[in-house]
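Have a look at the structure below before the remarks.
The values are calculated or read from the model by the stated rules, or taken from the named source; none is laboratory data. Not measured: the values here are computed from a predicted model. Neighbour counts run over all protein chains shown; Cβ positions are idealised from the backbone, glycine included. To get the accessible areas, we keep the full protein, side chains included, count just its heavy atoms, and leave off ligands, DNA and RNA. Shrake-Rupley method; radii C 1.70, N 1.55, O 1.52, S 1.80 Å.
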Amino acid sequence: KEALAGYKAADEDVIKSQTGFAMYSTQNGWIGNLNYLEPGKGYMLYRKRATDTTFKYPVISGSLSGKPATGNVIPNADQRPVPGNYTSSNNMTIAAIIAPGFEFRNDDNILAYVNGEVRGKAKPILNPEINKLTWFFNIGGEAEQFIVFMIERGGSIIAQSSTVMNYRTNTIIGTLSKPLELHFVKQADAIT
């Protein structure tokens, strides 16, 4: 709210880092797992409108100025960074929901895999646009490769998505009002 206060955002504008992103809603503001722009980190802004714009970061007197990166301040606690977020300078963003019929538990994790490597992880966030839990993924990568989603429970993979897609740099999949729907199939040898 501070860093983008002077920016006139439009529905579906996206601000992203290597590990998180937020999408704009005129009704509800910025929604996602990127809650703060942190000093010293880089961000990309996707603007839905084709017109030019300007915005200014606040002088270094915002709510995070002068605070150490460690300690009690966790500016983006909703993010779930994984090593795969840092192996590439590029990423794509996905806003997703779980299709009906799968029992997701509070301690479950959804992981995005590319060639057997975890490239993204997300925690559920209530999306006020649809009043449903939504997962906001940043998936690192360079080349077009298949992405598959898996649910981890108690350290074991218990389900895999039938939804498989191609990684594409700087692509935005799903919106706040129409997230990607992930369909999961339980693994036969999964312990529940």
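For every residue, the table says whether it meets (1) touching a helix residue (DSSP H, G or I) at 6+ places or on another chain (Cβ under 8 Å); (2) modelled with pLDDT under 90; (3) under 24 Å from Pro179 (Cβ atoms); (4) exposed (fewer than 12 other Cβ atoms within 10 Å of the Cβ).
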residue: Thr53; (1), (2), (3), (4): no, yes, no, no
residue: Tyr57; (1), (2), (3), (4): no, yes, no, no
residue: Gly62; (1), (2), (3), (4): no, yes, no, no
residue: Lys67; (1), (2), (3), (4): no, yes, no, no
residue: Gly71; (1), (2), (3), (4): no, yes, no, yes
residue: Arg80; (1), (2), (3), (4): no, no, yes, no
residue: Pro83; (1), (2), (3), (4): no, no, no, yes
residue: Thr93; (1), (2), (3), (4): no, no, yes, no
Problem set entry | Residue satisfying all of: in region 162-183; open to solvent by 20 Å² or more (accessible area, probe 1.4 Å) and hydroxyl-bearing (Ser, Thr, Tyr); modelled with the lowest pLDDT among these | Thr163
Exercise. Which members of region 126-148 meet the condition of being of a type in the set (A, V, I, L, M, F, W, C) and in contact with a Gly (Cβ under 7 Å, 6 or more places away or on another chain)?
Worked result: Phe136, Phe137, Ile139
For this session: Kindly check whether there is at least one residue in region 130-152 that is among the basic types (Lys, Arg), in contact (Cβ under 8 Å) with a residue 60 or more places away in the chain and open to solvent by 50 Å² or more (accessible area, probe 1.4 Å).
Result: no
Seminar exercise, completed: Residues of region 105-129 being farther than 21 Å from Pro83 by Cβ and open to solvent by less than 50 Å² (accessible area, probe 1.4 Å), in sequence order, are Pro124, Ile125, Asn127
